[in-house]
Amino acid sequence: MQLPDDRHSLGLFRSFPARFSRVFTSLLSVVVFCFILLPFAQSQPALAELNAAKHLLIYFIDVEGGQATLLIAPSGASMLVDAGWPGFNSRDALRVQAAMRDAGITRIDHVLITHFHLDHVGGVPELVKLVPIGEFLDHGSNREDSEITRRDFAAYLAAIQGKPRRIVRPGDSISIPGLDAIVLTADGEHIASVPGIKPVPNPYCATEPAWPADDTEEARSAGILVTFGNFRFVDLGDLTKAKEVALVCPANPIGAVDLYLAAHPAFDQSNSRALVDALRPVVAVMNNGAHKAASPEVWQTLHESPGLQDLWQLHTAEDSDPAHNSPDALIANLAGARDGAYLKVVASTDGSFSVTNSRTGQTRDYSRR
């Protein structure tokens, strides 16, 4: 009996290693995709969040003309400057929480109280009920001979009883991993020089009037310079003109900044030309209310500052005139509309940054200097 021709079988046998290799390679590719590439593909949102986390976030929160400014470093460390007003069903504390949710944080590491006026410190008792806080920073004791300010200071001390508290002085650093935060002013005193910055003569001092001394808490405001790589931001609380001029005259120890928060929600008792023009901000923000602050004189000073590109407002200044209000696109809360929109800054270490209007969702970008 003739056996079957085994040449075909022999061919299959001889080709088996190559075919097995191809099959094995295909199976290996599937395994690699399932266990390595697929999780990587699914992690793209996480990678996007990681990229976003490389930026400094700053929220200018609408507290109707006081201050509540939230900063979040790429490390996730955070600082709130002031807490707005009390009352209104915890309105301002809830607005701080809304900004925290947008930033993805659940606690605040530092709360800096610039001074002890109600629109800055009044929101603390309600905030501590809603938000875990690492420490409180302030300039020390109330210095204003006013019954209402004594009452507000006492309410603040009662609210933070048992919590860490640190008194800051000019030149002190606030430890926020990823940021450099230095105290410029506190309790009526000011820094002589900022580390790494050589003070330079301020040419705007010569034409600045001599402003009267101020015996209120505003003159005691704790002011800060925050540096993130080449990006620089200044917040001086409600510091008034005589103290501003003392800070930057005859020499400016701060240098130019990218972002400036108009002091004293843009009241004319603050924001001297000697200060604003020496800082040369790219962008200025007025954290005014609809009927609080945003003086036309201050708007003009900011608008004319050399190098300024945009002036943003938290509210339309309804007691001012159209010529002294920014375009609607640069205003978070328009007249007659719902309040509570914030301005959000996203800054990079190269000095570039953006500002987003939460009312419109529109963003403007600013190049590094």
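Remarks
- Members of Lys163/Lys292; Lys198/Lys241; Lys241/Lys292 lying beyond 29 Å, as alpha-carbon distances in this model show: Lys163/Lys292
- Cross-link partners for Lys54 among the lysines, with Cα-Cα distance under 21 Å and sequence neighbours closer than 8 places in the same chain left out: Lys344.
- Distribution of pairwise C-alpha distances over the chain, 20 Å bins, in %: 28, 50, 9, 7, 5, 1, 0
- C-alpha center-to-center spacing [region 84-116, region 298-345] in angstrom: 22
- Helices in the chain that qualify as membrane-span-like (whole DSSP H runs, Cα extent of at least 30 Å along the helix axis, mean Kyte-Doolittle hydropathy of -1.0 or higher) are 7-32.
- Within region 83-151, chymotrypsin sites (Phe, Trp or Tyr not before Pro) in DSSP loop having at most 16 other beta-carbon neighbours inside 10 Å: Phe88
- The packing ranking, built from the mean of other Cβ atoms within 10 Å per residue, places the peptides 317-327, 233-243 in the order 233-243, 317-327, highest first.
- Overall, the ratio between the Cα radius of gyration of region 314-369 and 2.2 N^0.38 Å, rounded to two decimals, is 1.27.
Only the coordinates and a few stated rules stand behind these numbers; no lab work does. Nothing here was measured: the structure is a model prediction, and the numbers come from that model. Cβ coordinates were reconstructed from backbone atoms using ideal geometry, including for glycine residues, and neighbour counts include every protein chain displayed.
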